[in-house]
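Inspection log for the structure reproduced underneath, given as structure tokens.
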Amino acid sequence: MSGKSPIQIALGRLRKDKVAMTCFTIVMFFVLIAIFADVLQNLFDVTTEPGNPAQQLNPMNELLPYKGPPSGGFDPEHPFGVAPKTATDNLAVWLAGCRTSLLIASLATLVASIIGITLGLIAGFVGGVVDKAISFVIDFFLTVPFLLMALTLAPIINQRFALKPDLYEKAQLWSLVAILAFFGWMGVARLVRGEVLSLREREFILSARVIGMPTTRIMIKELLPNLVAPIVVAVSLMLPAFIAAEAGLAYLGIGITQGNSWGQTILRASNYYDDYALYFWEPLLGIVILVVALNLLGDAIRDAVDPKTRR
């Protein structure tokens, strides 16, 4: 009977962890919502287009809905209610906002991971001047607050694409992905560099060098497979941070301002909190539940990969 690999052992520990499995179920629930957002909108017969304010909103009560919350009970036609002023269905916007948050966070995590893993491998394995140069770059980017850069780049993007509405939404999305990734890869790079420094003097690496294996092949075929566990942990903790950052930037008005975003909904709903609290809590609870589930799942993955981290 062959022995189990470290990854198989870690997966076995995760399957026995009830908290991890619960969090994984919650995360997959949100992932499925993001993937099938359009299907769910059609299923509930809702749309992100503005409704009919003249018929759905009360002009005598700050343009709040006639039916459903906050004035009435549950409205089956609009399960999450409708937005003030525009009468847009809140459920449709919530579903689209879930897709936006997960899409941006996933893309930013992917790009940041590729940059961090590549530079960490090169710095740790090559060493010398190359290591010093990459370490300097890492330290430099750690000193630059990404929020300041976002505040700087947002007006530039707004001015550049303001007259091109067909490109504006895509430009905002990709610029936000670039900002998050550009200022989020340093932690992965440091982690990978540290692991490589401890692995490059091991017997299997020295043997590969002796037989003349190319440096690139050593890094990809020999080192990278031994870095899967710490990389998975780093990525699992990076994703919720990016989701929270995307929502926070949208709330500040420098993230996704075109299209649908949980952060933008919170920004609009904050003006109606006293009279229409549900409008505020719907996107906020989505962010909180998803981020907490991802963080707990990341902690569980870390404990499964390295049981010595458990208290």
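A few points about this structure:
- Accessible surface of residue 21 - all protein chains present, 1.4 Å probe, nearest 10 Å²: 70 Å²
- Percent of Cα-Cα distances greater than 27 Å, calculated over the chain: 54 percent
- Angle between the chain longest axis and helix 6-16 axis [Cα atoms, degrees, rounded to 10]: 40 degrees
- Degrees between helix 146-161 axis and first principal axis of the chain (Cα, 0 to 90, nearest 10): 60 degrees
- Placed amide H near residue 82: partners under 5 Å, 5+ positions off or other chain: 90
- Annotation note: chymotrypsin sites (Phe, Trp or Tyr not before Pro) in region 180-276 located in DSSP loop regions with a Cβ neighbour count of at most 15 within 10 Å are 273.
- Gained length - residue 22 relative to residue 209, 0.36 nm times residue gap less alpha-carbon distance: 62.8 nm
- Lysine pairs with alpha-carbon atoms under 27 Å apart, the chain, spacing 8 or more or separate chains: 10
- Portion, in percent, of the accessible area of region 245-306 that falls on carbon or sulfur, probe 1.4 Å: 59 percent
- Inter-part distance, region 64-120 to region 247-268, computed on C-alpha centroids, equals 10 Å.
- Modelled this way, with points 7 Å down the Cα-to-C-beta line, the labels at residue 149 and residue 74 are 4.7 nm from one another.
- Across all C-alpha atoms in region 2-113, the radius of gyration and Dmax reach 20.4, 74 Å.
- Across the protein chains, with a 1.4 Å probe defining accessible surface, the residues 132, 170 rank 132, 170 from largest area downward.
- Compared with the alpha-carbon gap, the fully stretched path from residue 156 to residue 8 is longer by 48.5 nm at 0.36 nm per residue.
- In the context of the full set of protein chains, region 5-139 has a per residue accessible area of 54 Å² (1.4 Å probe).
- Amide H partners (placed H, <5 Å) of residue 87, local residues excluded: 51
- Solvent-accessible area per residue, Å², over region 198-311 with all protein chains present [probe radius 1.4 Å]: 50 Å²
- Between 0 and 90°, nearest 10: helix 186-199 axis offset from the chain longest Cα axis: 20 degrees
- Projected label distance in nm at residue 42 and residue 103, using a 7 Å step from Cα toward the beta-carbon: 1.7 nm
- Computed over protein heavy atoms with a 1.4 Å probe, the carbon and sulfur contribution to the accessible area of region 1-126 reaches 66%.
- Using a cutoff of 8 angstrom between alpha carbon atoms and counting only pairs six or more residues apart, the relative contact order for region 223-311 works out to 33 percent.
- In nm, spacing of pseudo-spin labels at residue 167 and residue 226 (7 Å Cα→C-beta vector): 4.8 nm
- For region 127-221: rounded, prolate or oblate by the Cα gyration tensor [a/c cutoff 1.5]: prolate
- Residues whose amide H lies under 5 Å from that of residue 58, counting only those 5 or more places away or on a different chain, are 63, 64, 66; hydrogens are built 1.01 Å from N in the peptide plane.
The values are calculated or read from the model by the stated rules, or taken from the named source; none is laboratory data. Everything numeric in this text was worked out from a predicted model, so none of it was measured. No Cβ is skipped: glycine too gets one built from the backbone with ideal geometry, and neighbour counts run over all protein chains shown. Areas reflect the complete protein model, heavy atoms only, side chains present, ligands, DNA and RNA absent. Shrake-Rupley method; radii C 1.70, N 1.55, O 1.52, S 1.80 Å.
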